[in-house]
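Engineer: Here it is, the structure, as structure tokens.
The values are calculated or read from the model by the stated rules, or taken from the named source; none is laboratory data. Model, not experiment: these values are computed from the prediction. Every residue, glycine as well, gets a Cβ built from its backbone with ideal geometry; the counts of neighbours run over all protein chains shown. Keep in mind that these areas ignore ligands, DNA and RNA; they rest on the heavy atoms of the full protein, side chains included. Shrake-Rupley method; radii C 1.70, N 1.55, O 1.52, S 1.80 Å.
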Amino acid sequence: MADGQWEGQRNCLRCKTAELIALASPPGISFFECPECHRNFAQKAGSGLCFRWPHPISMVLYPVIFQADPLSHCERVAVMFAKQESVERVERIVREIRLELDDPTQQVRDILECLASEEDLREYLRCVTGRLEKRV
């Protein structure tokens, strides 16, 4: 591993062309950072590259990590974020989720190993962002 890089180059999921830099990681998971956009990523053995906690998508997924039907929690989670976060932070959360929904780059369920299906989680993310956009 030379200059923070590792065997098998990986590019940023969002920038597409920036080569990720490997970060210090515990056994069983690898962490990376994009030198261009500074987003952080994680990859567990046998899983795809995905955003690392605390990316905005992971923050919105966390309240439903063990829910088989995340959509039923959409309103509650949107209200929670609208109350707890600043308008600027909510706008950033919405922007990051919209980027992923408009240009899918990963299996969002891998971010936190969520119980629900990928399709259900993406519908939940659409619902939460829609509700948040109406509140800010």
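Engineer: Enumerate the lysines that residue 44 could reach by cross-link, defined here as Cα to Cα under 24 Å, with residues fewer than 8 away along the same chain left out.
Structural biologist: Counting by Cα, and skipping residues close in sequence, residue 44 has these lysines nearby: 16.
Engineer: Give the share of C-alpha pairs in each 5 angstrom bin for the chain, from 0 to the last occupied bin, in whole percents, shortest bins first.
Structural biologist: P(r) over the chain, rounded to whole percents: 2, 10, 20, 22, 18, 13, 9, 4, 1, 0.
Engineer: Another one. Pick out which of 66, 41, 51 has the largest mean-square fluctuation in a Gaussian network model of the chain, springs linking Cα atoms closer than 10 Å.
Structural biologist: 66
Engineer: Keeping the other protein chains in place, figure out the carbon and sulfur percent of the accessible area of the chain, with a 1.4 Å probe.
Structural biologist: About 51 percent, which is the carbon plus sulfur part of the accessible surface.
Engineer: Express the accessible area of the chain per residue in Å², computed with a 1.4 Å probe while the remaining protein chains stay in the model.
Structural biologist: Spelled out: the 1.4 Å probe surface of the chain, per residue, equals 55 Å².
Engineer: Among residues other than residue 34 whose Cβ falls under 14 Å from its Cβ, what is the net charge (Lys/Arg +1, Asp/Glu -1)?
Structural biologist: In short, +1.
Engineer: Let me ask something else about it. So which aspartates and glutamates pass the test for residue 83, namely a Cα distance under 14 Å, with those fewer than 8 places away in the same chain ruled out?
Structural biologist: Reachable aspartates and glutamates: 75, 91, 133.
Engineer: For n ≥ 4 DSSP H runs only, could you compute -39500 (n - 2.57) per run for the chain, divide by its residues and tell me the 222 nm figure to the nearest 500?
Structural biologist: -12000 deg cm²/dmol
Engineer: Would you please put 23-31, 107-115, 57-65 in order of how densely packed they are, using the mean number of other Cβ atoms within 10 angstrom per residue and starting with the highest?
Structural biologist: 57-65, 107-115, 23-31
Engineer: Another one. Which residue, 125, 15, 105, has the largest displacement toward the positive end of the dipole of the chain when charges sit on each Cβ (Lys, Arg +1; Asp, Glu -1)?
Structural biologist: Of 125, 15, 105, it is 125.
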